[in-house]
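Structure first, commentary second.
Nothing in this text is a laboratory measurement; each read-out follows from the coordinates by a stated rule. As the structure is a prediction and not an experimental result, all values here were calculated from the model. Counting neighbours? That spans all protein chains shown, and the Cβs are built from the backbone with ideal geometry, glycine included.
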Amino acid sequence: MADLSGQVALVTGASTGIGRHLVEGLAARGMAVAGLARNGDRLRTAMAEVAEATGGRTLAVAADVTDRAAVEAAVAEVVAELGQVGLLVNNAGLIDEFEVPVWEADADQWWEVVSSHIRGAQLTIRSVVPWMVLRNRGRVVNIASGMSTRANPDYSAYSVAKTGLMRLTESLVAGLEGSEVRAFDVAPGVVDTPMTRSMHMWQGFTDWTPPEAVVELVAAIAAGELDHWSGRFVRAGRDDLDLLRSTTPADAARQLRLRPYGGTDPIA
């Protein structure tokens with residue numbers, strides 16, 4: 001395992017699922033890890049379990065990622081307790097409550113899903129990245145999805161949110177040009193989590209992505225091994241880490257783009 005001692009990570013949506021796996025995996029590699037989630041009791045239990053299992057330093061900070069004041073206060077607490085954040089993982093986010101076409105979705109719940117991913121990530125970025133820029137180092141991981149790159153008729157809010165998150169990553173990287181701060185879209189694949197189990201489309205599914213594959217990919221990013229993939233989409237469980245390390249993507253590879261209809265397409 002890569003030794004990430006001395007670094008501080010902040011993981012949102014940390015009390016369960018992929019976020020919980022990331023907290024434990026990063027702590028086992030020596031990072032001091034702050035976990036952020038809405039359910040304070042569950043979060044504190046999870047962080048205590050990780051600390052006991054790994055001997056690492058953890059911090060539980062209860063906050064709603066869509067609440068600006070709560071996010072600012074949470075980041076301030078993390079910095080005061082652990083130091084400046086070197087790795088930010090935006091993992092928190094909801095899914096559509098009902099598997100229905102977009103015109104049948106509850107408007108408020110639909111927007112709540114989108115906001116949990118997009119507003120949540122923008123608020124943490126706004127609170128963490130300026131200090132990364134001042135120190136001229138740091139990495140941001142936005143947890144993407146296969147639905148970032150293709151529409152799903154029954155999970156329209158989640159699809160819109162994950163696609164928007166990819167564009168947010170690319171905009172962030174464009175703004176960071178010339179600095180040593182990097183940002184990435186990491187798709188975890190289909191990990192066996194309570195959220196995934198709740199989705200009808202995965203009922204009966206068995207070819208789960210091992211959570212360790214997600215941890216290894218994010219740890220490689222934290223170690224600076226994949227900086228040449230900044231601003232691009234990588235997929236745990238499918239992308240080979242050694243190949244990612246040795247491959248430098250060109251042009252718009254693994255980014256969101258329109259495909260021209262042909263050589264005469266005026267917007268190509």
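Each residue, residue 227 and residue 265, gets one label point 7 Å from its Cα in the Cβ direction; the gap between the two is 3.4 nm. Model label points for residue 2 and residue 150, set 7 angstrom from Cα along the Cα-to-Cβ axis, are 2.9 nm apart.
Distance between the C-alpha centres of segment 1-19 and segment 206-268: 20 Å, rounded to the whole angstrom.
Ranked by the mean number of other Cβ atoms within 10 Å of their residues, highest first, the peptides 159-165, 240-246 come out as 159-165, 240-246. Think of each Lys and Arg Cβ as +1 and each Asp and Glu Cβ as -1; about the Cα centre, that makes the dipole of segment 8-246 roughly 620 debye. As a length-normalised measure over Cα pairs under 8 Å and 6 or more apart, the relative contact order of the chain settles at 16 percent. Basic side chains Lys and Arg get +1 at the Cβ, acidic Asp and Glu get -1 at the Cβ, and with that the dipole of segment 6-84 about its Cα centre reaches some 160 debye.
If R0 equals 30 Å, the separation of the Cβ atoms of residue 207 and residue 247 corresponds to a calculated FRET efficiency of about 0.75.
Here the sum of -39500 (n - 2.57) over DSSP H runs of 4 or more residues, divided by the residues of the chain, equals -13500 deg cm²/dmol at 222 nm, to the nearest 500.
Go through 109-117, 168-176 and give me the packing order, highest mean Cβ count within 10 Å leading.
Details: 109-117: 19.7, 168-176: 17.9.
Listed from highest to lowest mean packing, they are 109-117, 168-176.
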